[in-house]
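So the structure is just underneath, and the comments pick up after that.
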Amino acid sequence: MKEPTEAAVQSEAFILLPHTVTDLDDFVENPDRYLVSMFNEPERAADLWRERLKKNPYGSDGFLSLTYYGHDLISADLWDEVSGIWHALLELVEEFIQKGSAERLFPDQPVPLRLQAKGRTALFSVNSQTAMVDPKDFIPGLLHEAVRYYSWIEQHLGTDENESIRYIHSIRSAFQAEFYSD
């Protein structure tokens, strides 16, 4: 399988500064006041994650920016537990590969995530926002970004993310078998 020359899917994960969101409109308009980029400020994000873990069962409360050829796929008002969002996205892709359509919910929210085949393309939806995607570059791009996310966790937090990364590789293998078999 040949990788696209341009990254079809790009992601940026952000950690939410604790006790800051009191106005959702301001959060959407001024996210830099509320969020710390995991990739641009790795030490600060890791410190926030560790601090959050002292009081919560997870540390990745924040926002996942996901784009497809520059088109935003997740609206800024949908902040949640980022690892949970990635897990839901991976399950969505796995089921899509198996059945041609899939639906999950955003972690702990009644916000649907959908991926449905439409001929040679697919529709990817988060809540009421829908984009047409080509599974042959969308899925590999999404899986690449998921590995990047879990590798960051492993590198900056010191946790063993081999199980998550193996899961992603198994989805990639299933994708290649389904979409590139003769």
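The values are calculated or read from the model by the stated rules, or taken from the named source; none is laboratory data. Remember, it's a predicted structure, so these values are computed and weren't measured experimentally. Cβ placement follows ideal geometry from the backbone for every residue including glycine, while neighbour counts extend to all protein chains displayed. Surface accessibility is based on the protein's heavy atoms, side chains included, excluding ligands, DNA and RNA. Shrake-Rupley method; radii C 1.70, N 1.55, O 1.52, S 1.80 Å.
Annotations for the structure displayed:
- The set of residues in segment 14-48 being of a type in the set (Val, Ile, Thr), open to solvent by 70 Å² or more (accessible area, probe 1.4 Å) and closer than 21 Å to Tyr58 by Cβ is empty.
- Residue list for segment 73-90, filter: more than 17 Å from Ser164 (Cβ to Cβ) and at pLDDT below 95: Ile74, Ser75, Ala76, Asp77, Leu78, Trp79, Asp80
- Members of segment 126-147 found to be open to solvent by 30 Å² or more (accessible area, probe 1.4 Å) and either outside any helix (DSSP H, G or I) or out of contact with any helix residue (DSSP H, G or I) (no Cβ under 8 Å at 6 or more places or on another chain) (or both), listed by number: Asn127, Ser128, Gln129, Thr130, Met132, Asp134, His144
- Filter result for Lys118 (surrounded by fewer than 14 Cβ atoms within 10 Å (Cβ to Cβ), farther than 23 Å from Phe14 by Cα and touching a strand residue (DSSP E or B) at 6+ places or on another chain (Cβ under 8 Å)): yes
- Strands (runs of 3 or more DSSP E) wholly inside segment 9-125 that include at least 2 residues being in contact (Cβ under 8 Å) with a residue 24 or more places away in the chain and on the phi < 0 side of the Ramachandran plot: 9-16, 35-37, 61-68
- In segment 150-161, of all residues being of a type outside the set (A, V, I, L, M, F, W, C) and over 20 Å from Phe175 (Cα atoms), the one that is least open to solvent (accessible area, probe 1.4 Å) corresponds to Glu161.
- Only a single item in (1) of a type outside the set (S, T, N, Q); (2) modelled with pLDDT under 95; (3) open to solvent by 10 Å² or more (accessible area, probe 1.4 Å) is not met by His169, and it is number (2).
- Of the criteria (1) closer than 21 Å to Ala146 by Cβ; (2) open to solvent by less than 20 Å² (accessible area, probe 1.4 Å), which one Ser65 fails: (2)
- Filter pass, Ala131 being in contact with a Phe, Trp or Tyr (Cβ under 8 Å, 6 or more places away or on another chain), among the hydrophobic types (A, V, I, L, M, F, W, C) and in contact (Cβ under 8 Å) with a residue 12 or more places away in the chain: yes
- Residue, surrounded by the most Cβ atoms within 10 Å (Cβ to Cβ), within segment 94-115, restricted to residues that are touching a strand residue (DSSP E or B) at 6+ places or on another chain (Cβ under 7 Å) and of a type in the set (A, V, I, L, M): Leu115
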